[in-house]
Amino acid sequence: MSIEQLAETALAMVAPGKGIIAIDESTATIAKRFEGVGIANNEENRRAYRELLLTTPDLAQHISGAILFDETIRQSTKAGVPFAKYLAGQGIIPGIKVDKGTHALAGFPGELVTEGLDGLRARLEEYYKLGARFAKWRAVINIGEDIPSGTCIEANAHALARYAALCQEQGLVPMVEPEVLMDGDHDIETCYEVTEVTLRALFDALYNQNVTLEGTILKASMVLPGKDSGETAEVEEVAEATLMCLKSSVPAILPGIVFLSGGQSDEAATAHLDAMNRMGPNPWPLSFSYGRAMQSAALKLWSQDLANNVGKAQDTVFARARANGLAAQGKWTRGA
Ligand code: 13P
């Protein structure tokens, strides 16, 4: 795979006014989301829900790519069109989550390392054949008393870089996601420091593993006070802190950065992205790769009437995509 093709895909993922919809919840995670609104977690409901999201009319106006889960990339629309083929036909790039989730990091209580490198080359080869052109691997960094440790950050950065190198070898753009969690009572300064040290370790590891940054996308968490800190940060403060942190740790040659929503409200996720883009010009396009902040309103509506609320739920998906597409250009207005 040529680096030009990887770079072209990466640039298309962050095309102006477009971002990514993350619908790659594992079966265990979607079970929690379904349980929250009283939907039975069976394969047909998961398929129908993913079809609702992916077939939202005009989604491609604001969405460049969709991250799928292993089960989903093997599923089809009711009419029998494989989801990846359907997406490609709409001009939306299919992506795939390839990590195997987080596990306790032995010897480091309270810390996690993401697994999934064993057999990854063969899995990537298959996902490429199934139509995926980018992949995602999520590492999780917890903030708490005396954590994160340097060992946890190094272990996760190393795994992300090994994954990224394998993706590029197999023709997929790696989306590298080191998520610094919002959970905890830490202040915004602590989140800033942990995010900065994590990103620096990640870009060191990518360099050491010969990963080409022109064919890589960063999925970043925003710099926020902990959920239980009792602190609320103004939109501008979050935007400034996040931008400064990224500028100090992410090479300018990267084609783009997309954010996760991480449990922020739909509106906060949009407002923060919009504020960062208004503060531009920035070294990279800044866009979104939201899961919950794209889906939660739709899931709630659908749960009220699975047979009849598909259209209404799709309207909310489109509205979220449009709002975030505007925020990716710094053109969003509250209430729009
Ligand atoms: P949230 O936007 O719900 O945090 O999910 C994005 C994602 O893909 C996390 O890996």
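The values are calculated or read from the model by the stated rules, or taken from the named source; none is laboratory data. Note that the structure is predicted; figures quoted are calculated from it, not measured. Cβ: placed from backbone, ideal geometry, glycine included. Neighbour counts: every protein chain shown. Each accessible area value is taken on the protein alone, full model and side chains, heavy atoms only, with ligands, DNA and RNA left out. Shrake-Rupley method; radii C 1.70, N 1.55, O 1.52, S 1.80 Å.
About the Cα centre of the range 3-117, what is the dipole size in debye to 20, counting +1 per Lys and Arg Cβ and -1 per Asp and Glu Cβ, all else neutral?
280 debye
Sequence gap at least 6, Cα distance under 8 Å: using those rules, report the relative contact order of the chain to the nearest whole percent.
20 percent
Quick one: with all protein chains in place, what share of the accessible area of the range 249-316 is carbon or sulfur, to the nearest percent (1.4 Å probe)?
Taking all protein chains in place, the range 249-316 shows 54 percent carbon and sulfur surface.
Check which residues have an amide H placed less than 5 Å from SER76's amide H, if you skip close sequence neighbours.
Under 5 Å from the amide H of SER76 lie the amide H atoms of PHE83, each far enough along the sequence or on another chain.
Looking at the chain, what % of its DSSP beta bridges pair antiparallel, to the nearest 5?
15 percent
Using 0.36 nm per residue, how much length does the chain from THR151 to GLU193 gain when fully extended, once their Cα-Cα distance is taken away?
Length gained between THR151 and GLU193: 13.5 nm.
Using θ = phi - 60° and the Karplus relation 6.51 cos²θ - 1.76 cosθ + 1.60, list the HN-Hα couplings for the range 29-41 in order, rounded to whole Hz, with x at every Gly or Pro.
6, 5, 4, 5, 5, 5, 4, x, 10, x, 9, 5, 8
Quick one: pull the percent of accessible area on the range 93-134 belonging to carbon and sulfur, 1.4 Å probe, ligands and nucleic acids left out.
Ligands and nucleic acids excluded, carbon and sulfur give 56 percent.
Nearest 500 deg cm²/dmol is fine: what mean residue ellipticity at 222 nm does the chain get from its DSSP H runs of n ≥ 4 alone, each adding -39,500 (n - 2.57), divided by its residue count?
Value at 222 nm, helices only: -14500 deg cm²/dmol.
Among ASN156, LEU124, ILE141, flag the residue with its Cα farthest along the positive direction of the charge dipole of the range 122-205, charges on Cβ as +1 for Lys/Arg and -1 for Asp/Glu.
The residue sitting farthest along the positive end of the dipole is LEU124.
If you consider only alpha-carbon coordinates, what radius of gyration and Dmax does the range 131-185 have, in Å?
13.4, 43
Using protein chains only and a probe of 1.4 angstrom, how many square angstrom of GLU8 are accessible, to the nearest 10?
The accessible area of GLU8 comes to roughly 130 Å².
Among LYS97/LYS247; LYS32/LYS78; LYS97/LYS312; LYS100/LYS136, which pairs are too far apart, with a Cα-Cα distance over 21 Å?
Check vs 21 Å cut-off fails for LYS97/LYS247; LYS32/LYS78; LYS97/LYS312.
Please identify, among MET294, MET279, MET182, the residue showing maximal mean-square fluctuation in a Gaussian network model of the chain using a 10 angstrom Cα cutoff.
MET279
Along the Cα→Cβ direction, 7 angstrom out, place labels at SER76 and ALA40. What is the inter-label distance in nm?
Between SER76 and ALA40, the label points sit 2.4 nm apart.
Restricting to Cα atoms and excluding each atom paired with itself, what does the Kirkwood estimate give for the range 188-227 in Å?
Evaluated on the range 188-227, it is 11.4 Å.
Just to be sure I understand: with springs between alpha-carbon atoms less than 10 Å apart, which residue in LEU105, LEU254, LEU52 has the highest mean-square fluctuation in the Gaussian network model of the chain?
LEU105
In Å², and per residue, what accessible area does the chain have when probed at 1.4 Å with the other protein chains present?
Heavy-atom SASA per residue in the chain reads 41 Å².
In sequence order, what are the phi-derived ³J(HN,Hα) couplings for the range 59-69 according to the Karplus relation 6.51 cos²θ - 1.76 cosθ + 1.60 with θ = phi - 60°, rounded to whole Hz, with x for glycine and proline?
4, 5, 4, 10, 10, 9, x, 9, 8, 9, 9
Return the single residue from ALA201, ALA12, ALA79 with maximal mean-square fluctuation; model: Gaussian network over the chain, springs between Cα atoms under 10 Å.
Sorting by GNM fluctuation, first place goes to ALA79.
Find, to one decimal place in angstroms, the Kirkwood hydrodynamic radius of the range 200-336, where the mean of 1/r is taken over every pair of different Cα atoms and then inverted.
Evaluated on the range 200-336, it is 16.2 Å.
For the chain, give the magnitude of the charge dipole about the Cα centre (Cβ charges: +1 Lys/Arg, -1 Asp/Glu; no others), in debye to the nearest 20.
About 1480 debye.
Can you compute the modelled spin-label distance between ARG200 and THR333, with each label point 7 Å from Cα toward Cβ, in nm?
Distance between label points: 4.3 nm.
Using a 1.4 angstrom probe on the protein heavy atoms only, line up SER249, SER265 by accessible area, largest first.
The residues order as SER265, SER249, largest area first.
Using the C-alpha atoms of the chain, what convex hull volume per residue, in cubic angstrom, is computed?
With only Cα atoms used, the chain gives 127 Å³ per residue.
Can you tell me the convex hull volume per residue for the range 92-155, based on C-alpha atoms, in Å³ to the nearest whole number?
Measuring per residue, one finds 89 Å³ for the Cα hull of the range 92-155.
Write down the radius of gyration of the range 1-147 and its Dmax, each obtained from C-alpha positions, in Å.
Every Cα atom of the range 1-147 included, Rg and Dmax give 16.8, 53 Å.
Label points 7 Å out from Cα along the Cβ direction at HIS103 and LYS247: separation in nm?
Here the modelled spin labels are 4.1 nm apart.
How large is log10 I(q)/I(0) at q = 0.16 Å⁻¹ when the Debye formula is applied to the Cα atoms of the range 114-239, each weighted equally and without solvent?
Cα-only, vacuum Debye calculation for the range 114-239: -0.78.
Any idea what log10 I(q)/I(0) is at q = 0.13, 0.27 Å⁻¹ for the range 1-56, Debye with uniform C-alpha scatterers and no solvent?
Taken in order of the listed q values, log10 I(q)/I(0) reads -0.51, -1.05.
Express the Stokes-Einstein translational diffusion coefficient of the range 260-319 in µm² s⁻¹, to the nearest whole number, given a Kirkwood radius over alpha-carbon pairs, 25 °C and a viscosity of 0.890 mPa s.
192 µm²/s
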